[in-house]
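The values are calculated or read from the model by the stated rules, or taken from the named source; none is laboratory data. Please read these numbers as outputs of a predicted model, since none were measured by experiment. Every residue, glycine as well, gets a Cβ built from its backbone with ideal geometry; the counts of neighbours run over all protein chains shown. Ligands, DNA and RNA are stripped out before the accessible areas are found, and what is left, the full protein with its side chains, is counted by its heavy atoms. Shrake-Rupley method; radii C 1.70, N 1.55, O 1.52, S 1.80 Å.
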Amino acid sequence: MQYNSAIDKKIIRNLFLIILLVFIQLSTFSQVFTSSNLPIIIINTDNSATILDDPRILGNMKIIYNGPGIQNFVTDQNNAASLNYNGRIDIEIRGSSSQSVEKKSYGLTTRLADNVSNNNVSLLGMPSENDWVLNGLAFEPSLVRDYISYAISRNMGNYAPRTVYCELIVNGDYRGLYLFQEKIKADSQRVNVTKITTTQNTMPELSGGYITKSDKLTGGDPVAWTMPSYVSGNDAVFIHELPKPTEVTSQQNNYIQNEFNRLASTTAVNNFSPVDGYPSIIDIPSFVDFMLSNELASNPDGYHFSTFFHKDRNGKLRAGPIWDFNLTYGNDLFLWGFDRSHPNVWQFSDGGNDGAKFWKDLYLSPQFKCYLAKRWNELTQPGKPMNITTLNTLIDNAVSLIAPAVVREQTRWNTIGVHADQINTIKTFLLARISWMNNNLSDFASCNSIATPPLVITKINYNPAAISGFTSNNQEFIEIKNTGNQLVNLTGIYFNGLGLSYQFPSNSTLAANSSLYLASNAATFLSRYGFSPFGEFFRNLSNSNQNLILSDAFGNTIDNVFYYDSAPWPTNADGGGSYLQLIDTALDNNLASSWVATNTLSIPEIEISNNITVSPNPTSDIVNINSPNDISKIEVLDLEGRIIDMVEVNSNLYSIDFGNYANGIYLLKINQNNKIIIRKIIKKTN
């Protein structure tokens, strides 16, 4: 073929350049990606369909993960031993402003083979669920802001979505670095509130559980209600998450809205009474932690958007979990003209997205602000989650983990620049932010040393054996003892946490040296044990482990026990017909060795007497028991409540030979005048 004109030659040359540019571009975008130190997620939609915002489309997902510290290869997608998941999903684009970027975030549901049924499955070490998020880290050149923020919250003792870095391929296209993470849902391993149903419209079922959020309307969910902000014309919009907006009843909507309205009205006049003020409505520690998480990060959306609340049945309203921390630590939507994340402002009072008025009103309450400052001081101590050294270590570990993927991310999207500079920006910001917050949260003297009443958790029946006429859950109970010599006013005292709810009625009391019982089912307790409990708690005790925290109205810990169903805790209390009983109120009841498994609950109660002497203790052989009254029987037990020896006594003096026992801790169960006295004995060979 001959080209007879300069125009033809120019056209051919331009076509060649276009083809070359396309080839270069495809080579860049379809870079060779073969392996990663991170999990590799491969999604193929049915018929290679494009993923949309709506509706969801079907596909298949494989997660390649060979274990911690082991390299993962794309070729492992055909190796069943390397697959953490290989199954059906439906998927959609998620997010609001993030949908404007080319690298999308996704929401997906794991499905069974029928493409309809949920497939609850544990992925990458996270508890079983079916709803998941692939967070594309939009507008976030450091790639670590969400990751470290959720980790900080978890290190503070709160639930925050678990996250795992991964690299994603969709329909053969390498999409870069993502965070595979949990979605905020009601779940025993996530937001541990009971799921309210459409038929639960009267008390006490009407009281929970709820998950509510203040957020944008871009998700299409209807507005439940609005609340005024201190910024004129920028009301906070509240949306139902649980129950679903399509399922919430008018009674449920009115109930939870009224809880927020009560919070607003009490904080507006600084009513801090434990009877009818904001401490009777909200779990103060969760609100304190939520504010500190958002303020450390200087999150401009932190109170107005992506702001979650939850409330369990008969429990207090709680703030959190935190969500969506990409515009933080000095980062913002700079391309859109926003620059709001600064180290020297309070985001609840910056004239932007301040959220509902109660946030600022809480800060203006001297009582609440004291606890805010106290918690801040605690969290910034050496080794604590908001200490600068701790934060830098967390950041450095994240950076080291994703370093190889960052190079590929920059090649694919060109949105990072020099990653080390992005990380230094966060560290510099944190130094300035912590210094500023130290200056503004320095006074906590008035709440630093709060005297709490001498209440001790002394019995826990967490997994009773089912017997004729009584189910296991209905037999649960907790005993609380006033170990002091004065009456205790119980107003405002509650169990701080989720999974079990109880708040003592106003003006209720407990006499000196007296005990009370809280039961899961008052009628069952009366029928089973012959006397009525003081009150009835909601939900049930965990059959595996649970941290029971008894707190005053402001969240100060009165007593807490973190029990387990496994050794060294007495295992016979785990469905074996016994319950946990504290040996002596003078002991640390957070230690397994302070508890014994027993199955005798009657009146008169088991008592601890100071009139009996047991010596020597520790002992190498002989233990002498001296009582002012005759002893009828002595039993030697191990820490699981098993009887090792038993002897009839009928005397006030007796000696037991421990010489043949192995070194360790034993219990003496001394029967005297229809009372049971328990003493801990340490056998220690000289």
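Some observations on this one:
- Residue satisfying all of: in region 291-304; in contact (Cβ under 8 Å) with a residue 60 or more places away in the chain and closer than 23 Å to W225 by Cα; surrounded by the fewest Cβ atoms within 10 Å (Cβ to Cβ) among these: M291
- Members of region 214-245 found to be open to solvent by 30 Å² or more (accessible area, probe 1.4 Å), out of contact with any helix residue (DSSP H, G or I) (no Cβ under 9 Å at 6 or more places or on another chain) and either under 30 Å from S520 (Cα atoms) or among the aromatic types (F, W, Y) (or both), listed by number: E241, K244
- Of the residues in region 485-501, none is under 23 Å from T600 (Cα atoms) and surrounded by fewer than 21 Cβ atoms within 10 Å (Cβ to Cβ).
- Selection status of I91, at pLDDT 95 or above and within 28 Å of the chain's Cα centre (by Cα): yes
- Tally of residues being within 17 Å of the chain's Cα centre (by Cα), assigned to a strand (DSSP E or B) and of a type in the set (G, A, S) across region 150-185: 0
- Evaluating Q486 against the criteria (1) closer than 15 Å to I457 by Cβ; (2) modelled with pLDDT of 95 or more; (3) of a type outside the set (A, V, I, L, M) leaves one unmet condition, (1).
- Leading residue by the ranking (most open to solvent (accessible area, probe 1.4 Å)) among those in region 184-199 that are closer than 21 Å to L123 by Cβ and in contact with a Gly (Cβ under 7 Å, 6 or more places away or on another chain): N192
- If the condition is being outside any strand (DSSP E or B), open to solvent by 10 Å² or more (accessible area, probe 1.4 Å), at pLDDT 95 or above and of a type outside the set (K, R), then region 305-320 contributes F305, S306, G315.
- Condition check for D187: without any contact (Cβ under 8 Å) to a residue 12 or more places away in the chain and not aliphatic (A, V, I, L, M): no
- Looking only at residues of region 89-127 that are free of Cβ contacts under 8 Å to residues at least 24 places away in the same chain and small (G, A, S), we find that the one that is most open to solvent (accessible area, probe 1.4 Å) is S100.
- Only listed residue being within 30 Å of K185 (Cβ to Cβ) and either among the polar types (S, T, N, Q) or free of Cβ contacts under 8 Å to residues at least 60 places away in the same chain (or both), chosen from N482, N521: N521
- When S542 is tested against the conditions (1) touching a strand residue (DSSP E or B) at 6+ places or on another chain (Cβ under 8 Å); (2) open to solvent by less than 40 Å² (accessible area, probe 1.4 Å), the lone failure is (1).
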